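Please treat every number below as a calculation from the coordinates, not as lab data. Every value quoted in this text rests on a predicted model; they were computed, and no experiment measured them. Glycine gets a Cβ as well: all are built from the backbone with ideal geometry, and neighbour counts include every protein chain shown.
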Amino acid sequence: MIKSTDRYNLHTHSFYCRHGHGTIKEYCDEAERLSLELFGFSEHMPLPDGSFGRTRMHNDEIPLYLEDIEREGKSRSMTVLRGFECDYLPRFRDYFRYYLEEEKVDYLVNAVHFVQHKDRCVSPFEDRMSVDDVYRYRDQLIEALDTGLFAFQAHPDLIFASYRSWDKVAEAVSRDIIQFAIDHRIPLEVNGNGMIKPKIGDEYQYPRRVFWSLASEMGAYCIRNSDCHEIENLAKSRGMQEEFVNQCRLKRAYPLVRSGRLGFQF
Ligand SMILES: [Zn+2]
Ligand SMILES: [Zn+2]
């Protein structure tokens, strides 16, 4: 068991995902330079049918990625964890479960980058989100967390990077997500990657302050991560993340490792 720490980053990408840069070794060097105690890789998980494949490693690269982390992590002053950030689809629940239960990974992270429709999906990064999309986003996110497979929820407010108006729908959906996380003791992530993208007006694309003020009021627990896709971005947003968590008066969850798995102290 590794005691809980505030010196961590659990959302890290690399060259493996094809839209990030930097090797596992280079990230570990940077994490040590920053005196992190717990450092987790959460590369986008490829799916068996190639869904979302454009921005993923190939399926046959999974063992290389996991071995790379294990090998690099051995000689370090910090604990290095193997993880995946997952776009959950119900038909692949057993696939995700396999990686967790066979101890191939130390944790899985849930993310909703794509809102599913019957014959297509849309993304808050590229498309305008409709009211229907906002409800679908909530349903997908909660359905995934309800499997119990995921250690935390990445950027729970990502939908509001695109759906900007804080109206009744936005607030109701946010309440449902936050309440679910509270009831199931799942930390919500304040995401640093959205902080270094061009602002919209004087606001971050995400995290959205209105969402997190509500989370604070309702008593949710947060963690904060860089979600870096470049080496230099591991450190870049850390100050902003801290400031944001403090300004929103959010309660913090502290990661720890228990029986080889990522967990949290609340
Ligand atoms: Zn990415
Ligand atoms: Zn990510």
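Counting only residues at least eight positions apart within a chain, or on another chain, the lysines with an alpha carbon under 30 Å from that of K3 are K25, K74, K104, K236, K251. Here region 162-237 and region 241-266 have alpha carbon centers that stand 14 Å from each other. Would you please name the GluC sites (Glu not before Pro) within region 201-266 that are DSSP coil residues with at most 14 other C-beta atoms within 10 Å of their C-beta? Passing both the DSSP loop test and the Cβ count: E232. Amide H to amide H, with H built 1.01 Å from N, Y88 comes under 5 Å of A111, counting only residues 5 or more places away or on other chains.
Compute the FRET efficiency between S77 and Y135 as 1/(1 + (r/R0)^6), taking r as their Cβ-Cβ distance and R0 = 35 Å, and round to the nearest 0.05. Show your work: numbers first, answer last.
Working: r = 46 Å, r/R0 = 1.31.
The pair S77/Y135 has a calculated efficiency of 0.15.
Expected output is a single nm value to one decimal: the length gained when fully extending between E61 and K25, i.e. 0.36 nm times separation in residues minus the C-alpha distance. What is it? Working shown, then result.
Numbers: separation 36, 0.36 × 36 = 12.96 nm, distance 1.67 nm.
So the extension gain works out to 11.3 nm.
Dividing the mean sequence gap of close Cα pairs (under 8 Å, 6+ apart) by how many residues the chain holds gives a relative contact order of 21 percent.
When the expected Rg is taken as 2.2 N^0.38 Å, what fraction or multiple of it is the alpha-carbon Rg of the chain? Could you put the intermediate results ahead of the total?
Numbers: Rg = 17.2 Å, N = 266, 2.2 N^0.38 = 18.4 Å.
Taking the Cα Rg and dividing by 2.2 N^0.38 Å, one obtains 0.94.
With R₀ fixed at 30 Å, the C-beta to C-beta distance from E32 to E242 puts the FRET efficiency at about 0.90.
Give me the extension gain from I182 to D202: residue separation times 0.36 nm, minus the current Cα-Cα distance, reported in nm with one decimal. Intermediate results must be reported in sequence, preceding the final value.
Numbers: separation 20, 0.36 × 20 = 7.20 nm, distance 2.95 nm.
Once the chain is fully extended between I182 and D202, it gains 4.2 nm.
Here the Gaussian network model covers the chain, with springs between Cα atoms less than 10 Å apart; of S237, S216, S35, S35 fluctuates the most.
Descending by average beta-carbon neighbour count within 10 Å, the peptides 17-23, 49-55 line up as 17-23, 49-55, the highest first. Looking at the chain alone, DSSP beta bridges between its own residues are antiparallel in about 25 percent of cases.
Stretching E70 away from S259 to a fully extended chain increases their span by 66.4 nm, per 0.36 nm per residue minus the current alpha-carbon distance.
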